[in-house]
1. Suppose the filter is in contact with a helix residue (DSSP H, G or I) (Cβ under 7 Å, 6 or more places away or on another chain), modelled with pLDDT of 95 or more, among the hydroxyl-bearing types (S, T, Y) and farther than 30 Å from A49 by Cβ; does Y218 pass it?
2. Do you know which residues across region 294-347 are outside any strand (DSSP E or B), closer than 20 Å to R177 by Cβ and over 22 Å from the mean Cα position of the chain (by Cα)?
3. All but one of (1) touching a Leu at 6+ places or on another chain (Cβ under 7 Å); (2) in a helix (DSSP H, G or I); (3) modelled with pLDDT of 95 or more hold for A24; which doesn't?
4. Quick check on L227: is it of a type outside the set (D, E, K, R), at pLDDT 95 or above and either within 27 Å of L410 (Cβ to Cβ) or within 22 Å of the chain's Cα centre (by Cα) (or both)?
5. Residues in region 164-173: is at least one at positive phi and over 21 Å from the mean Cα position of the chain (by Cα)?
6. Can you confirm whether region 89-106 contains a residue that is within 29 Å of G399 (Cβ to Cβ), among the charged types (D, E, K, R) and assigned to a loop (DSSP other than H, G, I, E, B)?
7. Would you mind finding the one in E128, E58 that is among the acidic types (D, E) and farther than 16 Å from S222 by Cβ?
8. Going through A175, A182 one at a time, which residue ends up being touching a His at 6+ places or on another chain (Cβ under 7 Å), crowded, with 18+ Cβ neighbours inside 10 Å and more than 17 Å from V68 (Cβ to Cβ)?
Amino acid sequence: MLAINMRASYAVLTRAIGLFVSSAACAGNPVVHWTQPSGAQVFLVQSPAIPMVDVRLEFDAGSRRDPVGKAGLATLMAGSLSDGVKASGREKALDENGLGQAWADLGAAFSAGASADRLSISLRSLTEPDLLGKAVALAARQLAVPAFPAAIWQRDRIKWMAALREAETRPATLAARAFSRAVYGDHPYGAEMTEASLKRITEQDMVALHSRMLRPCYAKVSVVGALNRMQTDVMVMQLLARLPSGDCPALPAVAEVQPLQVAQVKMVAFTSAQAHVLIGEPGYRRNDPDHFALLVGNYILGGGGFTSRLIQAVREQRGLSYSVDSQFAPGLHAGAFVISLQTRPDQAMEALKVAREVLTGFVQEGPTAAELQAAKDHLIGGFPLLLDGNQKLLENVAGLAWNGLPLDYLDTWTQQVQRLSTADIRAAFARKLQPERMVTVVLGGK
């Protein structure tokens with residue numbers, strides 16, 4: 001009965017979060033930051049309207065730090081955190097089913113994953129003291145003493161192998177891989193899990209990565225919910241208490257993504273009803289001062305759906321593609337800028353030509369005043385929707401924390417967009433993009 005009641009309460013409150021705008025977003029509650037004695041950095045936004053808390057713990061253990069030849073290790077280790085926990089003291093071991101049931105009984109949720117830059121662990125719980133205390137204790141245990149059972153890893157490796165083989169049949173996957181290799185070269189951003197790297201990874205590798213990287217002094221912890229600073233400080237200390245303490249050696253620097261020196265064209269043979277076309281190059285780091293100009297400019301170029309220049313030129317005026325878009329993917333290093341489209345194989349080169357012309361013209365001339373005002377209106381009008389729930393707000397706070405952005409970043413977001421001029425956007429695009437040096441991948445074209 002307890003499990004049913006807790007799950008029901010969790011479901012009701014989760015739905016409630018979707019119905020009400022986050023009080024923090026409405027009231028402008030500030031992001032408060034402090035560093036604990038362990039070295040863990042904490043970022044808190046109080047959101048008292050709903051008795052729930054969302055927590056994100058992040059470590060510099062993303063795939064950019066995967067050992068050479070073992071691409072995918074960070075992703076696999078993060079996924080394996082839910083495969084069970086070891087016995088410890090009076091605590092009995094829990095397998096993956098027991099662990100899942102324990103979380104269900106609490107009406108709470110725990111998950112983990114890895115991106116290129118960071119390994120992220122998320123916790124969501126009601127803030128009723130007894131329930132939160134139990135959820136924090138279970139999360140601390142799962143963080144500190146995961147079992148990494150060999151039998152489960154052998155089972156999961158077979159599943160991953162099958163998934164990788166299936167991915168090899170998808171034209172979009174093959175085009176993206178060719179593009180990534182050409183844009184990033186030897187940089188870790190371009191490394192991808194393969195069957196060969198999967199075969200090299202063992203549960204001992206996961207244990208070693210966990211022991212080396214999951215330490216309080218490496219942690220950045222973002223919290224949004226109905227807790228004050230003192231309560232948050234205690235909760236975070238409890239979450240991290242069972243991890244190895246002490247000094248943390250400085251992590252080795254990861255090289256920057258190198259800009260392209262010459263244009264590259266990759267024609268990938270593939271029998272497909274649609275040709276896949278990708279154009280791009282390394283873009284910019286997330287903390288670059290040009291971020292807002294590039295964000296708004298890209299909305300005009302190819303990120304704004306049917307209002308964007310690319311969709312107007314490629315689809316509306318010429319009917320060459322159902323969709324075409326552009327995007328930046330900034331991270332701790334220069335993530336890729338990419339224009340992507342699909343079209344009939346016999347139209348691939350014409351669509352490519354038009355997309356290049358639009359891009360070159362935009363980099364040279366920038367947007368019109370009317371385009372810029374329309375983009376500002378849309379982006380500023382939609383900004384509250386980025387904060388209309390605890391989890392959305394948490395995503396933004398975690399991004400702020402991870403990328404070293406100012407604590408008032410969310411408070412000044414609309415002003416940063418509003419102040420931009422057409423000249424600002426033109427100058428930013430000219431600094432970041434060189435259309436004459438880009439990578440072009442055409443898969444399945446004629």
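1. no
2. So in region 294-347, the residues outside any strand (DSSP E or B) come out as 294-323, 329-334, 344-347.
Pick out the ones that are also closer than 20 Å to R177 by Cβ and you get 329, 331, 333-334, 345.
Within region 294-347, just P345 meets the criteria.
3. (3)
4. Numbers: of a type outside the set (D, E, K, R): yes; at pLDDT 95 or above: yes; either within 27 Å of L410 (Cβ to Cβ) or within 22 Å of the chain's Cα centre (by Cα) (or both): yes.
It is true that L227 is of a type outside the set (D, E, K, R), at pLDDT 95 or above and either within 27 Å of L410 (Cβ to Cβ) or within 22 Å of the chain's Cα centre (by Cα) (or both).
5. Initial filter on region 164-173 (at positive phi): none.
Among the residues of region 164-173, not one is at positive phi and over 21 Å from the mean Cα position of the chain (by Cα), which makes the answer no.
6. For region 89-106, residues within 29 Å of G399 (Cβ to Cβ), among the charged types (D, E, K, R) and assigned to a loop (DSSP other than H, G, I, E, B): absent.
7. Values: E58 fails: farther than 16 Å from S222 by Cβ.
Of E128, E58, the one residue that is among the acidic types (D, E) and farther than 16 Å from S222 by Cβ is E128.
8. Numbers: A182 fails: touching a His at 6+ places or on another chain (Cβ under 7 Å).
Result: A175 is the single residue among A175, A182 that is touching a His at 6+ places or on another chain (Cβ under 7 Å), crowded, with 18+ Cβ neighbours inside 10 Å and more than 17 Å from V68 (Cβ to Cβ).
The values are calculated or read from the model by the stated rules, or taken from the named source; none is laboratory data. The model shown is predicted, which means the values in this text are computed figures rather than measured ones. When we count neighbours, we look across all protein chains shown, and the Cβ atoms used for this are built from the backbone with ideal geometry, even at glycine.
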